[in-house]
Amino acid sequence: MASKLWERHQAPHQALAPLEIAVHLNPVPLPLDTATYLKALREQTAAFEPLLRTADPDTPVTTCGSWSLHDLGIHLGQSSRWVAEVVRSGQLCREEFAPAAGEQLADWYAEGAASLLEVLDEADPAASCWAFGIEDAVAALWFRRVAMDTAVHLVDAQLATGAEVYVDPLIAADGVDEVFALMVPRVWQGSEQKPLPASVALRTTDTGHGWLIQPGDVPRARPLASGPAAAEVEATAAELLLVLWKRQPMDSRRISGDSTAARALLTATLTL
């Protein structure tokens, strides 16, 4: 799949400037703080809304299967309202939401996004809250989840409409971390996926983050110093995130060592 984002990543790696070296030595701790997630979500929703207003609603969103841009707007509008109810109540909410007859989709989406932001802004991140049946889950998990979900779906809309593709590097790195912290355990348990053949190291070239993905019943992300890796994948945080979410392929030049092990990880179903 070709995209502006993919094209921007074709240049060879360059020597790190002093500031970049400092970032690599002292990467920002993950998960990020809830204020950062709120800021990112405000920016993401502000970027998504005009795409709904100006683009053909029947535009295919090929990174989301058979969905159109209209379908994607409905999904995010429903998700915003559902998460707002879950965080507000602390309980699993089974309500479904849809725009009223004749209501503009962009208006309905913007209303749901604003409501979610208001709920999150007033919520206590440490408050107990239902989250996928995770024991002792707190509301902070939802700050992260909606920021990551919206980041990936904004890319879907940007690719579909030809808009410039951009993911904030820190949000992208945090999204990679969330894939293994939240998504992989949910996807892998009870599935028929083949075990990974060997450990694979993932490194972000722009934020200085790294993970050692170790095989097992459920692949686990550990610190890079946890053990040896059969392969290493080095890319920008955004590139890694979109590869893990199957929004673009991995450039083979980013892989060193056992390419079979690396590709087993990168092509596995890791997300919902």
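The values are calculated or read from the model by the stated rules, or taken from the named source; none is laboratory data. Treat the numbers as computed from the prediction; the structure is a model and nothing was measured. So basically every Cβ, Gly included, is an ideal-geometry build from the backbone, and we count neighbours across all protein chains shown.
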Flag for residue 242 being more than 17 Å from the chain's Cα centre (by Cα) and either more than 18 Å from residue 152 (Cβ to Cβ) or in contact (Cβ under 8 Å) with a residue 40 or more places away in the chain (or both): no
Segments classed as helices (runs of 4 or more DSSP H), wholly inside segment 1-74, with at least 3 members that are at pLDDT 95 or above: 34-54
Residue check for residue 112: on the phi > 0 side of the Ramachandran plot and more than 15 Å from the chain's Cα centre (by Cα): no
Candidate set from segment 176-195 (those that are among the charged types (D, E, K, R) and surrounded by fewer than 17 Cβ atoms within 10 Å (Cβ to Cβ)); member that is nearest to residue 147 (Cα to Cα): 186
Count of segment 132-160 residues which are surrounded by fewer than 21 Cβ atoms within 10 Å (Cβ to Cβ) and in a loop (DSSP other than H, G, I, E, B): 6
Out of 272, 212, 202, sole residue that is modelled with pLDDT under 95, farther than 16 Å from residue 167 by Cα and either of a type in the set (A, V, I, L, M, F, W, C) or in the same structural domain as residue 152 (by TED's automatic domain parsing) (or both): 272
Test for residue 164: is it part of a loop (DSSP other than H, G, I, E, B), at pLDDT 95 or above and surrounded by fewer than 21 Cβ atoms within 10 Å (Cβ to Cβ): yes
Candidates 112, 90, 77, filtered to the one that is among the small types (Gly, Ala, Ser), modelled with pLDDT of 95 or more, surrounded by 15 or more Cβ atoms within 10 Å (Cβ to Cβ) and farther than 18 Å from residue 156 by Cβ: 90
Among the residues listed as 225, 198, the single one being over 23 Å from residue 242 (Cβ atoms) and surrounded by 16 or more Cβ atoms within 10 Å (Cβ to Cβ): 198
Residue within segment 73-80 that is within 21 Å of residue 39 (Cα to Cα) and among the β-branched types (Val, Ile, Thr) present: no
Any hit, segment 230-240, residues being more than 20 Å from residue 27 (Cβ to Cβ), out of contact with any Ser or Thr (no Cβ under 7 Å at 6 or more places or on another chain) and in a loop (DSSP other than H, G, I, E, B): no
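Please state which one of 98, 106, 110, 114 is part of a loop (DSSP other than H, G, I, E, B) and more than 21 Å from residue 172 (Cα to Cα).
98
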